Amino acid sequence: MKILDRYLLKTFSITFTTVFVILFFIFILQTIWLFIAELAGKDLDAPMIFKFLMFSMPRIIPLVLPLSILLASIMTFGNLAENYEFAAMKSAGISLQRAIIPLTIFITVLSIVAFLFANNVIPYAEYKFINFRKNIAQVKPALAITEGQFSDVGIYNIKVNKKSGDNGNSLTGITIHKKSTMGDGSKTVIKAKDGELISSEKSSILKLVLNNGNYYEDIVPKKYEDRNKLPFAKSAFKKYTINIDLSQLNKVEVNEEQVSNTNTMLTVSELNYTLDSLHKNLDTEITSFSENINLQTGITAISNSNKIVADSLKKFKAMPKNILSLFKNEEKLNILKTAASNILSTSYNIDASKANLENKQKMINEHYLALYDKFVIAFACFLMFFIGAPLGAIIRKGGLGLPIVFAVFIFITFHFINTFGKRISQEDGLSPFLGAWMSSFILTPVAVFLTYRATNDIGLINMDVITSPIQKLIKKLFQKQI
């Protein structure tokens, strides 16, 4: 390897590593901010917080990696151009194409690693991350309750004076307000001296066992004038058990769609297998619906049960224009009533089936998007490099000033188009392939354009194209005046 190749690789790798670490740290802080409600005030120990962050880190890579390559490319080649190192290389007969060969090989290896990471590490981490958030209540159910203040747990507001035990499951000084189903505040208050939280990883129900307490419930009198007296019922208990749905614990709002939609947890081979099953399921349902919709009309039953119709239809070579003329008046009335009823029920059935089929198609689209995303991230590494390298050579500015402006603008454009394409594809307004690759298709000509201008020593904007017509126009106007 030549000295120049080693120098370019060293310069780029140091810049890339520095930028990657800084951006990765920024995105980690953003992740903590997004899930701060699940971490703050829950007495989480250091291992659980570390595990939470470790499972959330891999999903950040598809955002950080292309942006790091783009910014590192602009900074590296901007510094080379600003310090006239490119001019020295060109005077020695080394073109830009020759200079970027070692970096192209480096980006190729990085793209392969990015694909393998997206195909193997990210699905596993996504699976562990979602299940960790979903099952955090089963691991330590007492995390939902903070000492000395009311904690919102489903339909209950729970306050305890002290938590004890290995996992904080033993509670002392318990006050519970049960929310009213009518939305008019709390009508039930439960107080107990102590209690215990009992949960199992195999069960989705958490038991709160209360000992030695009282149960207070407001009573709404039938007579309006008696309501100002605020009557209530009081009862004492030695043991009282409350069952709480674990999905409401810890305020961990993991959508069922997120949990059931496992497209982000699958590898390429698993996605292909799943897509094949989803397509077969959709085709079977469409075929079944089309076969059943005719039977629901009742026409077949009417024609088979009426011999007059069968005999009359045999006399005609073609279907008569007025089919009702083959029936008696009483039969016509029954047929019209049946038709009206069938039309109404069939329209409802079609609407319900349409919504169901659309949801299945959306699920297929989401799996296709997850499949293409694994290849898009690899191509994005190439794309960002071939945008950033020539752009840095053209603007001839290194450091963290102008390169950051260009990098952020290009990356936001890439990310916005990518998100826009995916949203349209999810709603079946565009094929998943075009939706996933839309940003790449739009920015690839930009990369080709910048590379062409950089290799031919043409600036980012040719001002002569703009100023030359203006100069000619001014020259003609002066000639006319003379």
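The values are calculated or read from the model by the stated rules, or taken from the named source; none is laboratory data. Remember, predicted model here, so these are calculated numbers, not experimental data. We place every Cβ from the backbone using ideal geometry, glycine too, and count neighbours over all the protein chains shown. Protein only, heavy atoms only, side chains kept; ligands, DNA and RNA dropped before computing areas. Shrake-Rupley method; radii C 1.70, N 1.55, O 1.52, S 1.80 Å.
A few comments on the model shown:
- Accessible area per residue (1.4 Å probe, heavy atoms of protein chains only) ranks D5, D218 as D218, D5, with the largest value leading.
- Entries in K191/K239; K360/K422; K128/K162; K51/K207 that, when Cα-Cα distance is taken, lie over 21 Å: K128/K162; K51/K207
- K397 sits with roughly 100 Å² accessible to a 1.4 Å probe, with DNA, RNA and ligands left out of the calculation.
- Calculated FRET efficiency for the pair L402/F25, C-beta based, R₀ 22 Å, to 0.05: 0.45
- Label-point separation, N334 to Q97 (7 Å along Cα→Cβ), nm: 8.5 nm
- Ordering of 359-368, 408-417 by packing [mean C-beta count within 10 Å, highest first]: 359-368, 408-417
- Model label points for L4 and E82, set 7 angstrom from Cα along the Cα-to-Cβ axis, are 2.3 nm apart.
- Extension gain, F409 to N243, is 54.6 nm, computed as 0.36 nm per intervening residue step minus the present C-alpha separation.
- Computed FRET value (nearest 0.05) for S180 with L357, which takes r as the C-beta separation and R₀ as 41 Å: 0.55
- Label point distance in nm, F232-S288, each placed 7 Å from Cα along Cα→Cβ: 5.4 nm
- Calculated FRET efficiency for the pair S345/W33, C-beta based, R₀ 41 Å, to 0.05: 0.20
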